[in-house]
1. Does any residue of the range 49-61 turn out to be at pLDDT 95 or above and part of a strand (DSSP E or B)?
2. Pairs only if they're at least six apart or on different chains, beta carbon under 7 angstrom, first in the range 20-36 and loosely packed, with under 15 Cβ neighbours inside 10 Å, second polar (S, T, N, Q); list them, first residue then second.
3. Of the residues in the range 171-186, how many are surrounded by fewer than 14 Cβ atoms within 10 Å (Cβ to Cβ) and under 16 Å from the mean Cα position of the chain (by Cα)?
4. Are any of the residues in the range 145-161 of a type in the set (A, V, I, L, M) and under 19 Å from Ala44 (Cα atoms)?
5. Restricting to the range 65-111, count the residues that are in a loop (DSSP other than H, G, I, E, B), of a type in the set (A, V, I, L, M, F, W, C) and buried (at least 18 other Cβ atoms within 10 Å of the Cβ).
6. Between a first residue in the range 124-139 that is of a type in the set (S, T, N, Q) and a second residue that is surrounded by 20 or more Cβ atoms within 10 Å (Cβ to Cβ), which pairs have beta carbons less than 6 Å apart while being 6 or more apart in sequence or on different chains?
7. What about Val202, is it under 27 Å from Ser84 (Cβ atoms), without any contact (Cβ under 8 Å) to a residue 60 or more places away in the chain, among the β-branched types (Val, Ile, Thr) and touching a Leu at 6+ places or on another chain (Cβ under 7 Å)?
8. Out of the residues in the range 52-78 that are within 16 Å of ligand 2 (Cβ to nearest atom) and among the hydrophobic types (A, V, I, L, M, F, W, C), state the one that is farthest from Asp221 (Cα to Cα).
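The values are calculated or read from the model by the stated rules, or taken from the named source; none is laboratory data. Since the model is a prediction, treat every value here as computed from it, not as a measurement. Don't worry about glycine lacking a Cβ; one is built from the backbone with ideal geometry, like all the others, and counts go over all protein chains shown.
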Amino acid sequence: MSEIILEAKDIFKSFYKTKEQKLNILKGVSLQVVRGKISIIVGASGAGKSTLLHILSGLDNADSGEVKLNGTDISNLSDEKLSSLRNQKIGFVFQFHHLLPEFVAAENIAIPLMINGEPKQKALQRAEELLELVGLSDRANHKPSELSGGEQQRVAVARALANNPDIIFADEPTGNLDSANSELLHKLFVELKEKLGITFLVVTHNPQLVNLGDKVFEMKDGVIH
Ligand SMILES: Nc1ncnc2c1ncn2[C@@H]1O[C@H](COP(=O)(O)OP(=O)(O)O)[C@@H](O)[C@H]1O
Ligand SMILES: [Mg+2]
């Protein structure tokens with residue numbers, strides 16, 4: 001039996017372009033994400049994919065609708081509860097790695113753990129383990145500027161994994177990578193799914209990554225098909 005880890009029901013979201021001009025972006029999006037699988041969201045630029053991902057991961061609020069993660073309705077949680085949920089259950093990978101330029105790879109992974117109360121030495125040890133998992137043990141002491149784009153993105157994946165999340169949200173994670181590095185990242189996602197049972201929800205235009213998906217959602221005209 002496949003278990004649903006994330007469920008969205010009838011999500012609406014609009015933005016005001018000007019005081020009078022309202023943009024209706026999400027017009028009743030519903031979807032179910034199966035635990036331990038790779039789910040993909042495709043759709044044209046401006047379709048609202050990033051907006052949806054932000055709402056599903058508790059980074060933004062919907063105007064209406066319901067989001068359930070692990071059976072918990074996150075649509076009406078306090079900011080404090082949401083941020084603790086994000087720290088514990090959710091990992092993010094964005095198109096741009098957002099690594100801190102002044103710090104080496106291991107520190108970039110350890111710092112969020114330390115912010116969550118982990119002692120420095122333990123956090124750095126965990127960072128080393130995670131770098132090994134993403135195949136970058138030998139890059140632990142390099143700053144982001146000394147890493148290739150693909151390596152930077154794999155450090156970002158290691159950072160996303162630091163808190164043992166149930167689900168990783170990735171927004172066009174290969175959007176900035178060449179095909180060889182994209183393929184490495186795809187293999188890593190599949191390996192993490194198979195080894196650790198991590199669930200992925202990935203927005204992508206990359207046909208190869210779409211092919212790896214266990215499930216593909218298409219966003220069009222404000223809904224999911
Ligand atoms: N904070 C915001 N304020 C106003 N408009 C926004 C905001 N965020 C996104 N939009 C608009 O919503 C639409 C969908 O954006 P987005 O979710 O980023 O699309 P996608 O990720 O599919 O390219 C776009 O027209 C964008 O300009
Ligand atoms: Mg986007």
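1. No - not one qualifying residue is present in the range 49-61.
2. Qualifying pairs under 7 Å: Lys22/Ser14; Leu23/Ser14; Asn24/Ser14.
3. Our first condition is that a residue be surrounded by fewer than 14 Cβ atoms within 10 Å (Cβ to Cβ); within the range 171-186, this holds for 178-180.
Going one step further and asking which of them are under 16 Å from the mean Cα position of the chain (by Cα), we end up with none.
Going through the range 171-186 one residue at a time, the tally reaches 0.
4. no
5. Filtering the range 65-111 down to residues in a loop (DSSP other than H, G, I, E, B) leaves 70-71, 74-78, 94-104.
Add one more test, that the residue is of a type in the set (A, V, I, L, M, F, W, C), and what stays is 74, 77, 94, 96, 99-100, 103-104.
From what's left, buried (at least 18 other Cβ atoms within 10 Å of the Cβ): 74, 94, 99, 104.
Total meeting the criteria: 4.
6. From residues that are of a type in the set (S, T, N, Q), the pairs are Ser137/Leu131.
7. Values: under 27 Å from Ser84 (Cβ atoms): yes; without any contact (Cβ under 8 Å) to a residue 60 or more places away in the chain: no; among the β-branched types (Val, Ile, Thr): yes; touching a Leu at 6+ places or on another chain (Cβ under 7 Å): yes.
So Val202 fails the test.
8. Filtering the range 52-78 down to residues within 16 Å of ligand 2 (Cβ to nearest atom) leaves 52-57, 59-60.
Within this subset, residues satisfying the condition of being among the hydrophobic types (A, V, I, L, M, F, W, C) are 52-53, 55-56, 59.
Working: Leu52: 13, Leu53: 16, Ile55: 17, Leu56: 18, Leu59: 22 Å.
In this case the residue turns out to be Leu59.
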